[in-house]
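The values are calculated or read from the model by the stated rules, or taken from the named source; none is laboratory data. Quick caveat: nothing in here was measured; it's all calculated off a predicted structure. Heads up, the Cβs are rebuilt from the backbone with ideal geometry, glycines too, and the neighbour counts pull from every protein chain shown.
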Amino acid sequence: MTKLIRVLLATAVLPGAALAVAGVLENAWAHRLPDPVATHWSSAPNGHNSLAAFTGISLGLGAVAILLLATSAVTALRRGRPLPRPTVGVGAGFAALPAAVLLSVVVANLDAPDWHAARSGVVVVPFLLGAAVIGVVAALVGALPAPPPGETPGHRPTVGLRPGERAFWSGRAVNPAMLWALALIPVAIALLPAGLPWPTGAWIALVGLLVTALTYRLSATVDAKGVTVRFGLLGVPWRHWALAAIREATTRELTTFGDGGLGLRFNPVTGTTAYKVRGGPALALTLENGRTVLVSVDDPETGAGLVNDLLAQRITRID
């Protein structure tokens with residue numbers, strides 16, 4: 001089985017099959033369901049929605065989640081990035097969540113005379129466990145191991161910058177899936193029996209989108225003044241390290257959930273600061289104070305090579 005087939009099986013076929021089954025069963029049982037159907041529970045059903053609207057939203061969210069997951073996974077595969085088991089498993093489980101919610105609502109309302117007489121919302125539990133099982137299977141099938149972290153001993157990137165020459169490098173990374181995830185997760189929770197009320201889910205999604213807009217993209221630049229990192233659409237927060245503060249630069253392969261996850265992460269034990277919007281290749285700066293800075297950007301090899309060449313020029317320069 002090729003890597004592409006494994007990845008597609010884990011990220012598209014498995015959650016897609018769950019969504020298809022949910023849609024087929026809802027259509028087959030539609031005549032046995034009240035309309036509207038109960039979609040929210042406390043001790044008893046206390047919220048309802050149109051059957052067609054609820055089904056359409058559930059299937060739509062599921063389709064978008066599967067598309068984003070499969071596209072992100074195939075892109076990572078094409079670029080030679082690892083697909084760790086936790087990443088694949090959590091992604092597939094999340095993509096299967098709308099199908100689990102739809103099935104649980106259908107079963108809870110099946111043969112009820114009206115939505116007030118729907119069964120307990122506890123029926124969602126086995127379907128959520130089913131989504132978790134899909135995640136576990138996807139992790140076993142579609143995960144691709146990461147290469148050993150760090151660079152080959154003795155390898156110091158360079159771009160061959162000559163004395164007196166000037167150069168500039170800019171690298172960036174974007175993770176639009178972060179925007180979709182923080183928008184869809186509150187909405188998916190609102191779909192759960194006994195979940196969030198719709199207004200609350202919508203407000204959380206809006207706040208999540210605004211926060212993520214500041215952190216879902218990352219850029220780094222290297223020039224004679226040093227290295228600058230900027231987050232988000234507005235370029236803030238940002239951080240600059242002068243060349244005098246840097247000892248050397250290399251590259252490293254990062255996992256999505258390693259080093260504390262995505263965003264700005266600091267490990268007080270190792271002294272590592274990570275600026276991450278995705279897993280994959282990253283620029284690694286070793287500072288003069290012994291700390292390490294990791295920046296997840298595309299083409300970090302060139303950025304690291306330019307840093308090292310600029311450092312070499314600075315050391316050999318005669319003032």
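Go through the stretch 270-282 and give me each residue that's farther than 14 Å from ARG230 by Cα and in contact (Cβ under 8 Å) with a residue 60 or more places away in the chain.
ARG278, GLY279, GLY280, PRO281
Output the residues belonging to the stretch 233-244 that are surrounded by 15 or more Cβ atoms within 10 Å (Cβ to Cβ) and within 18 Å of PHE266 (Cβ to Cβ). Even if it seems obvious, please write down each step before you answer.
Kept after step one, since they are surrounded by 15 or more Cβ atoms within 10 Å (Cβ to Cβ), are these residues of the stretch 233-244: 239, 241, 243.
Answer for the stretch 233-244, where residues must be surrounded by 15 or more Cβ atoms within 10 Å (Cβ to Cβ) and within 18 Å of PHE266 (Cβ to Cβ): ARG239, TRP241.
Can you find a residue in the stretch 10-26 that is in a helix (DSSP H, G or I) and over 20 Å from ALA95 (Cα atoms)? Outline the logic, then answer.
Narrowing the stretch 10-26 to residues in a helix (DSSP H, G or I): 10-26.
Filter again for over 20 Å from ALA95 (Cα atoms), leaving none.
There is no residue in the stretch 10-26 that is in a helix (DSSP H, G or I) and over 20 Å from ALA95 (Cα atoms).
Okay, residues lined up against (1) under 19 Å from PRO176 (Cβ atoms); (2) part of a strand (DSSP E or B):
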position	(1), (2)
ARG230	yes, yes
LEU233	yes, no
TRP241	no, yes
ARG247	no, yes
THR251	no, yes
ASP259	no, no
PHE266	no, yes
ALA274	no, yes
PRO281	yes, yes
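For residues that are of a type in the set (Ser, Thr, Tyr) and surrounded by fewer than 21 Cβ atoms within 10 Å (Cβ to Cβ), scanning just the stretch 1-56, find the one that is nearest to the chain's Cα centre (by Cα).
At the first step, the residues of the stretch 1-56 found to be of a type in the set (Ser, Thr, Tyr) are 2, 11, 39, 42-43, 50, 55.
So of that shortlist, the ones also surrounded by fewer than 21 Cβ atoms within 10 Å (Cβ to Cβ) come out as 2, 42-43, 50.
Numbers: THR2: 24, SER42: 31, SER43: 34, SER50: 32 Å.
Among them, the one singled out is THR2.
Residue pairs, Cβ under 7 Å, 6 or more apart or interchain, first in the stretch 293-305 and more than 13 Å from GLU253 (Cα to Cα), second assigned to a loop (DSSP other than H, G, I, E, B) and hydroxyl-bearing (Ser, Thr, Tyr). List them.
From the stretch 293-305, the pairs are GLY305/THR158.
Please find, among VAL293, VAL229, VAL269, the residue that is modelled with pLDDT under 80 and out of contact with any helix residue (DSSP H, G or I) (no Cβ under 8 Å at 6 or more places or on another chain). Full working, then the answer.
On the way: VAL293 fails: modelled with pLDDT under 80; VAL229 fails: modelled with pLDDT under 80.
That would be VAL269, the only listed residue that is modelled with pLDDT under 80 and out of contact with any helix residue (DSSP H, G or I) (no Cβ under 8 Å at 6 or more places or on another chain).
Go through (1) within 27 Å of THR292 (Cα to Cα); (2) surrounded by 19 or more Cβ atoms within 10 Å (Cβ to Cβ); (3) modelled with pLDDT under 85 and name the single condition GLY150 misses.
For GLY150, the exception is condition (2).
Only one of these is in contact (Cβ under 8 Å) with a residue 12 or more places away in the chain, crowded, with 16+ Cβ neighbours inside 10 Å and farther than 23 Å from VAL307 by Cβ: THR250, THR215. Name it. Spell out the reasoning first.
Details: THR250 fails: farther than 23 Å from VAL307 by Cβ.
THR215 is the lone residue from the list that is in contact (Cβ under 8 Å) with a residue 12 or more places away in the chain, crowded, with 16+ Cβ neighbours inside 10 Å and farther than 23 Å from VAL307 by Cβ.
Of all residues in the stretch 162-186 being at pLDDT below 85 and in a loop (DSSP other than H, G, I, E, B), which is nearest to ILE66 (Cα to Cα)?
ASN175
Please work out which residue is nearest to the chain's Cα centre (by Cα), limiting yourself to the stretch 189-201 and to residues that are part of a helix (DSSP H, G or I) and at pLDDT below 70. Write out each step before concluding.
Keep residues of the stretch 189-201 that are part of a helix (DSSP H, G or I), which gives 189-191, 198-201.
Subset that is at pLDDT below 70: 189-191, 198, 201.
Numbers: ILE189: 18, ALA190: 20, LEU191: 21, TRP198: 24, GLY201: 20 Å.
Once the filter is applied, the top-ranked residue is ILE189.
Filter the stretch 86-113 down to residues that are closer than 22 Å to PHE257 by Cβ, buried (at least 21 other Cβ atoms within 10 Å of the Cβ) and not hydrophobic (A, V, I, L, M, F, W, C), then give me how many there are.
4
Suppose the filter is at pLDDT below 80 and surrounded by fewer than 22 Cβ atoms within 10 Å (Cβ to Cβ); does PHE257 pass it? Lay out the reasoning, then the answer.
Working: at pLDDT below 80: yes; surrounded by fewer than 22 Cβ atoms within 10 Å (Cβ to Cβ): yes.
Taking the combined requirement at face value, the residue satisfies it.
Being in the same structural domain as PRO126 (by TED's automatic domain parsing) and in a strand (DSSP E or B) narrows it down to one of THR75, THR39, THR55, THR71, so name that one. Walk me through how you get there before you give the answer.
On the way: THR75 fails: in a strand (DSSP E or B); THR55 fails: in a strand (DSSP E or B); THR71 fails: in a strand (DSSP E or B).
Selected residue: THR39, the only one of THR75, THR39, THR55, THR71 that is in the same structural domain as PRO126 (by TED's automatic domain parsing) and in a strand (DSSP E or B).
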